[in-house]
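The values are calculated or read from the model by the stated rules, or taken from the named source; none is laboratory data. Quick caveat: nothing in here was measured; it's all calculated off a predicted structure. Ideal geometry is used to build each Cβ from the backbone, glycine not excepted, and the neighbour counts take in all protein chains shown.
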2 protein chains.
Amino acid sequence: MIHVAVFGYGTVGKGVAEVIDRNNDIVSSASGDKVSVKYILDLLDFPGDPNEAKIVHDVNVIISDPEVSIICETMGGTGAAYKFTKAALEQGKSVCTSNKELVAKHGAELMKLAKANGCAYLFEASVGGGIPILRTLTTALTAERITQIAGILNGTTNFILTKMEEEGAGFDETLKKAQELGYAEADPTADIEGHDTARKISILADIMSGHFTDSDNVPTTGISGIDKSDIALASKAGFKIRLLGIADRADDDSVSTVVAPFMLSKSHPLAGVCDVFNAIFVTGNMLGETMYYGKGAGSLATASAVVADVIDAARKGSSTMYPGWDDVPVKARNAAGEKHRYMVRFDAGNSDKARALFEGAEEIGVCEGKFGLITGPADRIDTGNGIVENVIEIYE
Amino acid sequence: MIHVAVFGYGTVGKGVAEVIDRNNDIVSSASGDKVSVKYILDLLDFPGDPNEAKIVHDVNVIISDPEVSIICETMGGTGAAYKFTKAALEQGKSVCTSNKELVAKHGAELMKLAKANGCAYLFEASVGGGIPILRTLTTALTAERITQIAGILNGTTNFILTKMEEEGAGFDETLKKAQELGYAEADPTADIEGHDTARKISILADIMSGHFTDSDNVPTTGISGIDKSDIALASKAGFKIRLLGIADRADDDSVSTVVAPFMLSKSHPLAGVCDVFNAIFVTGNMLGETMYYGKGAGSLATASAVVADVIDAARKGSSTMYPGWDDVPVKARNAAGEKHRYMVRFDAGNSDKARALFEGAEEIGVCEGKFGLITGPADRIDTGNGIVENVIEIYE
């Protein structure tokens, strides 16, 4: 019997218990022995819940039980989750997590600690929910030099951008709708301002480079500045707007990361990714372009990824570890002087001034009272001139 | 040093040599030792080729060389490739292949032989070229019960269908263009009649079920019956036509497979897969829908997948084997009585008769001199009435 404990009985934690229960034959057969949830750590009781009897409030009950060999950490945050993860790894218990914040911040240290204790720290579910991107990068694309990873990594923002386009609606009303549907949290800041995407692209950059990218240092622009006129103008010019996290690697192994709304040609595979779905576009020097698409969040999809890690930990122990990354900050790629194309938005009343400012730019015309130009190649667009309202880079 | 031999110095074989050469630092580091191509088996000489000195004509030189531990079989076919693969596996040499025909026909036997000799038979490159679908199914989606796999698995036919749509062109002229561009072979039968797709969906069904699906028994319809009016009518109704291979698994583990052109809603992720790209749409009972997209063929993309197998064989030997399948034919899923929707095409002159035949069907109207109806749910459409010209099922 493989005894598992779940830390945190929220959306993902409940999903983990459900996947282990409903797919028990598959999970046990793949793990080489019967898998069973012995404890669930939570501050609350869950009277009437089928797993009520497994709830414990004291982490030490779990840490000190030698029968428990694998922990699923689905608490989130970098406080108690960090402390409890360290305690579990120190006891040689593998930890499988969906906690992107903790992985982005302390992943290198926790993988090192796991290795020293003959167990594993695994986090497939921390990026792209149900999309097996980390395993793909580390076990499938092994003959490749990965040169770029670009992803739609946040379902809330992708839902908002998709709905704004479909319904010609504004940002505020669409955010409100997303909140009503449960696709956005009451405090949506981490999603809409791009911080969630920054954590995920940092983890992908860490895996790609073998060194550390601090998500706090990723230049990050969210989608709250996207006006419905931006989406209408983009559509008129053959583009869709998507919030992307991008990690670019140069020949000298330096890496740059960015999070921002980008204009994508409608024929690009990422442009077809709608609603709460996520997708990660990976470019390798031999493979060319590949893309991995699926649910970025949700109880069962994310839980399935956590349980896939449980199976790997059960089957292979510490030998299943990713080629991880060290604490050394990755060498920053110097992007100065690189030229990009941009869409620039103005008030329609300023169209003459806009034409004068951006001579030779391609005119999109007027939509929703706004005037759009596509300009570049340029290294950046000056927004301090009093008439430029928004600038969105074209991904190409 | 890990000594590799390549069987067959064609498109993929040359790619394997190139990937091992150009990405040697990555490939060697991932394999745990320096990887080097020692021999290339081919009937021809390649004077002036950088690998000229490695060419041998006698397979026994390779089979009897104890230094060679891994073979890349990129010959294709089930004749010499089968014989040479068996000889290599019997000597304990792992074989990594792109040969879908051989895998579809003798995969179970060759995996068994590999296991008995402590080596591996690996074939990531045999399905979806550069898309790591087999490793995803067997090492990433391990907590899932896979219920359906539906794939665009042939680049030639997808290129033809995409171009027919973009250019409003007929089948014959587009096939000719594909041949001129090198995207279709001089004898294109295996591609356009769906046999290539049948082999690939059989391998995916084998992996999904653990039992054998004979690709010769897969009901297979190619794209040569697709008229440009079908594509125009489909487009008018909000659909694209794609050649899909589909494997469906029922609750009792019975499996049905089919290869045919299907109508896909334009908003479906598979509908956005254009030109020579491939994509595989996988549905799991917990994950929901995921999709894997990339180049389905091509020298370097396919070679990258072969070399990823080489790395796995070098690193893990026989323990890297897929959970394979046995020789027992999979239980056939009984699809009798299942209702589907269809698009039916008629000559425009028969539109009144068509309406009478399919009362209540949704009219698409007339395009390119043809009249279209969407009908169903029905279990099948009678084409023997003298006026139905083509029937295409709607994928949903």
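Filtering region B:142-160 to residues that are facing another protein chain (nearest Cβ under 9 Å) and either part of a strand (DSSP E or B) or buried (at least 24 other Cβ atoms within 10 Å of the Cβ) (or both) leaves B:THR142, B:ALA143, B:GLU144.
Yes/no matrix, rows are residues, columns are (1) of a type in the set (Phe, Trp, Tyr); (2) without any contact (Cβ under 8 Å) to a residue 60 or more places away in the chain; (3) out of contact with any strand residue (DSSP E or B) (no Cβ under 7 Å at 6 or more places or on another chain):
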position: B:CYS96; (1), (2), (3): no, no, no
position: B:ASN99; (1), (2), (3): no, yes, no
position: B:LEU102; (1), (2), (3): no, yes, yes
position: B:LYS105; (1), (2), (3): no, no, yes
position: B:LEU113; (1), (2), (3): no, yes, yes
position: B:LYS176; (1), (2), (3): no, yes, yes
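Considering A:THR162, A:THR97, A:THR157, the condition of being β-branched (Val, Ile, Thr), in the same structural domain as A:ASP248 (by TED's automatic domain parsing), at pLDDT 95 or above and in contact with a helix residue (DSSP H, G or I) (Cβ under 7 Å, 6 or more places away or on another chain) is satisfied by A:THR157 alone.
Looking across A:ASP25, A:ASP33, A:ASP42, one residue alone is outside the structural domain of A:ASP216 (by TED's automatic domain parsing), surrounded by fewer than 16 Cβ atoms within 10 Å (Cβ to Cβ) and either free of Cβ contacts under 8 Å to residues at least 60 places away in the same chain or within 29 Å of the chain's Cα centre (by Cα) (or both). It is A:ASP25. Among the residues of region B:95-108, those identified as not in a helix (DSSP H, G or I) and not aliphatic (A, V, I, L, M) are B:CYS96, B:THR97, B:SER98, B:ASN99.
Can you find a residue in region B:25-48 that is under 14 Å from B:ALA303 (Cβ atoms), part of a helix (DSSP H, G or I) and within 14 Å of chain A (Cβ to nearest Cβ)? Within region B:25-48, one or more residues are under 14 Å from B:ALA303 (Cβ atoms), part of a helix (DSSP H, G or I) and within 14 Å of chain A (Cβ to nearest Cβ).
If the condition is being within 10 Å of chain A (Cβ to nearest Cβ) and either within 13 Å of B:GLU73 (Cβ to Cβ) or not in a loop (DSSP other than H, G, I, E, B) (or both), then region B:109-133 contributes B:GLU124, B:ILE133.
Scan region B:294-307 for residues that are more than 7 Å from every other protein chain (Cβ to nearest Cβ) and hydroxyl-bearing (Ser, Thr, Tyr) and report the count. Looking only at that region, the number is 2.
Rundown of residues vs (1) more than 8 Å from chain A (Cβ to nearest Cβ); (2) of a type in the set (A, V, I, L, M, F, W, C); (3) part of a helix (DSSP H, G or I), yes/no style:
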{"residue": "B:ASP206", "(1), (2), (3)": "yes, no, yes"}
{"residue": "B:SER224", "(1), (2), (3)": "yes, no, no"}
{"residue": "B:ILE231", "(1), (2), (3)": "yes, yes, yes"}
{"residue": "B:LEU244", "(1), (2), (3)": "yes, yes, no"}
{"residue": "B:ALA247", "(1), (2), (3)": "yes, yes, no"}
{"residue": "B:PRO261", "(1), (2), (3)": "yes, no, no"}
{"residue": "B:ASP275", "(1), (2), (3)": "yes, no, no"}
{"residue": "B:TYR292", "(1), (2), (3)": "no, no, no"}
{"residue": "B:ASP309", "(1), (2), (3)": "yes, no, yes"}
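Of the residues making up region A:267-303, those that are among the polar types (S, T, N, Q) and either within 15 Å of B:GLU289 (Cα to Cα) or crowded, with 21+ Cβ neighbours inside 10 Å (or both) are A:ASN278, A:THR290, A:SER299, A:THR302.
Mind checking whether some residue in region A:283-295 is without any contact (Cβ under 8 Å) to a residue 24 or more places away in the chain and touching a Ser or Thr at 6+ places or on another chain (Cβ under 7 Å)? Yes, region A:283-295 contains at least one residue that is without any contact (Cβ under 8 Å) to a residue 24 or more places away in the chain and touching a Ser or Thr at 6+ places or on another chain (Cβ under 7 Å). Please work out if B:GLY76 is away from every other protein chain (no Cβ under 14 Å) and closer than 27 Å to A:MET286 by Cα. Judged against the criteria, B:GLY76 is a match. Of the residues B:LEU243, B:LEU233, the single one that is crowded, with 24+ Cβ neighbours inside 10 Å and within 24 Å of A:THR290 (Cβ to Cβ) is B:LEU243. Specify the residue that is surrounded by the fewest Cβ atoms within 10 Å (Cβ to Cβ); the eligible residues are those in region B:342-357 that are in contact (Cβ under 8 Å) with a residue 24 or more places away in the chain and hydrophobic (A, V, I, L, M, F, W, C). The selected residue is B:LEU357.
When A:THR197, A:THR136 are checked against the criterion of being surrounded by 21 or more Cβ atoms within 10 Å (Cβ to Cβ), within 29 Å of B:ILE133 (Cβ to Cβ) and within 14 Å of chain B (Cβ to nearest Cβ), a single residue qualifies: A:THR136.
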